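Derivation of every value follows stated rules applied to the coordinates shown; laboratory data play no part. Not measured: the values here are computed from a predicted model. Note: ideal-geometry Cβ built from the backbone for every residue, glycine included; neighbour counts use all protein chains shown.
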Amino acid sequence: MNTIKNTLLVVILINLISCSKEREYYKNGNIKAEVPTIKGVRHGLLTTYYENGKIKEKFPYKLGKMEGEAIRYDSIGNIIDRVNFVNNQYNGPFYKYYHNGVRELEGYFKNGKSEGLSYQYYKSGKLHKVYYHQQGEVIYLKTYHENGVFMGSKLPISVIPKDIKEFYPLNEEHKVTIGLNYTHLKNTRITLYFGPLDNENQLIDTIIVAKSQDLSFRYKVKPTHIGLNDITGVLYELTVPGDTLVGNYFFKYQYTVQDQ
């Protein structure tokens, strides 16, 4: 029995020796950081402090890698942001806050990059912007006024020619497919207004209006001259049913024509 007790005591002492906390202090004697380690490797909740004693940051570690929710605070104790780590990378939900405690931003990370929908808010708590990310890239953006009115959106539009050539003949129709690359809504359709655009990409005049019951439209036009010709206009995304405007996007496409 004594042998077992002595063995347990030795194991406990070894664990106490291998587990420790490194501490750093300000010149005024207040603690600046606590770094838990096991056998010299960070393990546990690393905590940093402001000079006034308030907690500044909490970073969770597991055997040298960040694992779990990290939190940052301002100097009076309000949360600045919260983000989750898996295997030393951003993974999971992310939240950022204004000084008044209202949520400023919320989103999601996957393998260190923004993924899916994220939302940005005004200090009042009203929705400001909606983003859609794919592997860290912004694919879709919608903007709202603080009063809730939709202000516009940005989204890549594809204009794909039926036949990809260096030059196109003057006497043949040029055929393209115009469409949205992404929508986060389930039931929408598009209406296209073809015409010249000003410097702010607003329609100067409407030449043709075309409607489609899905998110793409096949369009054909006869070139007007030798050299660069263009297809420009604005695409409107509308709900089905109801035809409520949920997005408007300009498009510009050029192709080169030669006489044959």
Check your understanding: Taking neighbour counts of Cβ atoms within 10 Å as a proxy for exposure, in what order, fewest first, do Met66, Met151 appear?
Key -> Met151, Met66
Review point. At 222 nm, what helix-only mean residue ellipticity would the chain give, in deg cm²/dmol to the nearest 500, using -39500 (n - 2.57) for each DSSP H run of four or more?
Key: -2000 deg cm²/dmol
Review point. Among residues other than Gly116 whose Cβ falls under 13 Å from its Cβ, what is the net charge (Lys/Arg +1, Asp/Glu -1)?
Key: -1
Point to revise | Length added when fully stretched, Glu166-Lys123, from 0.36 nm per residue minus Cα-Cα | key: 10.3 nm
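Near Pro196, within a Cβ-to-Cβ distance under 14 Å, what is the net charge of the other residues, with Lys and Arg +1 and Asp and Glu -1?
So the surrounding residues net to -3.
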**Study point:** Under 5 Å, built H, 5+ apart or other chain: amide partners of His133
**Key:** Gly116, Leu117, Ser118, Ile139
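Around Glu146, with a cut-off of 12 angstrom between Cβ atoms, what is the net charge of the other residues, counting Lys and Arg +1 and Asp and Glu -1? Can you show the working numbers first?
Working: positive: Lys123, Lys126, Lys129; negative: none.
Within the 12 Å Cβ shell, the charges total +3.
Cα-based count: Lys pairs in region 124-185 below 23 Å, eight or more positions apart or different chains? Present the calculation step by step, with values, prior to reporting the outcome.
Working: Lys126/Lys142; Lys126/Lys154; Lys129/Lys142; Lys129/Lys154; Lys142/Lys154; Lys162/Lys175; Lys165/Lys175.
Value for region 124-185: 7.
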Exercise for review: For each pair in Lys186/Lys252; Lys96/Lys252; Lys65/Lys110, compute the distance between the two Cα atoms and list the pairs where it is over 28 Å.
Suggested key: Lys96/Lys252
**Study point:** Tyr193, Tyr61 arranged by Cβ crowding within 10 Å, fewest neighbours leading
**Key:** Tyr193, Tyr61
Review point. What lysines could a cross-link reach from Lys27, if we take a straight Cα to Cα line under 27 Å and drop same-chain neighbours fewer than 8 places away?
Key: Lys54, Lys56, Lys58
Revision key, fill the gap. Options (i) 29.2, 103; (ii) 19.4, 65; (iii) 18.4, 63 for Rg and Dmax of the Cα atoms in Å; the value derived from the coordinates is listed as (i)
Review point. For the Cα atoms of the chain, what angle does the longest principal axis make with the long axis of helix 2-18, in degrees from 0 to 90, nearest 10?
Key: 50 degrees
